[in-house]
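Below is one structure, written out as structure tokens, with a few remarks after it.
The values are calculated or read from the model by the stated rules, or taken from the named source; none is laboratory data. As the structure is a prediction and not an experimental result, all values here were calculated from the model. Positions of Cβ are generated from backbone atoms using ideal geometry, with glycine treated the same way; all protein chains shown enter the neighbour counts. Areas reflect the complete protein model, heavy atoms only, side chains present, ligands, DNA and RNA absent. Shrake-Rupley method; radii C 1.70, N 1.55, O 1.52, S 1.80 Å.
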Amino acid sequence: MDEESLPEGMPSVGEMLDETFAVHRKSLQRIEESQTETNERLGRLEESQVETNERLGRLEESQVETNERLGRLEESQVETNERLGRLEESQLRLEESQRGTSEALSGHRELLEGIASKLDQLTA
């Protein structure tokens with residue numbers, strides 16, 4: 001079909017192809033712009049992921065330090081508990097010794113009272 005036989009007002013094949021190509025060029029341009037935006041977003045996400053990984057690394061290091069401190073605190077607690085046990089044993093021995101001393105002093109007091117009584121009798 002040649003262009004002369006087209007009905008009046010109908011665009012020529014060349015014009016229709018030009019319009020179709022223009023639409024396709026605009027679509028392609030929008031796709032390219034969208035791809036560019038997507039790539040930029042992806043770049044920002046990758047940067048954010050790197051920052052997140054760095055933060056995570058710092059948090060993990062901090063967790064290791066915290067765990068080490070906790071281990072040292074637990075060791076210190078064990079030592080403190082052992083010392084406390086020794087102090088309690090020492091306290092019990094001291095109390096036992098004080099009871100013995102108190103009993104001895106009571107015995108001495110009774111002896112002294114007996115001696116004082118005999119002296120009073122002798123001097124009376």
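Observations
- For the range 60-68, the condition holds for at least one residue, the condition being that it is open to solvent by 100 Å² or more (accessible area, probe 1.4 Å), of a type in the set (Asp, Glu) and out of contact with any strand residue (DSSP E or B) (no Cβ under 6 Å at 6 or more places or on another chain).
- Annotation note: Cβ proximity below 9 Å between a residue of the range 16-45 that is among the hydrophobic types (A, V, I, L, M, F, W, C) and a residue that is surrounded by fewer than 10 Cβ atoms within 10 Å (Cβ to Cβ) (sequence gap 6+ or interchain) occurs for no pair.
- When Glu89, Glu79 are screened for being modelled with pLDDT of 90 or more, of a type outside the set (A, V, I, L, M), part of a helix (DSSP H, G or I) and open to solvent by 100 Å² or more (accessible area, probe 1.4 Å), only Glu89 passes.
- Residue match in the range 11-19 (condition: surrounded by 10 or more Cβ atoms within 10 Å (Cβ to Cβ), of a type in the set (Gly, Ala, Ser) and assigned to a helix (DSSP H, G or I)): no
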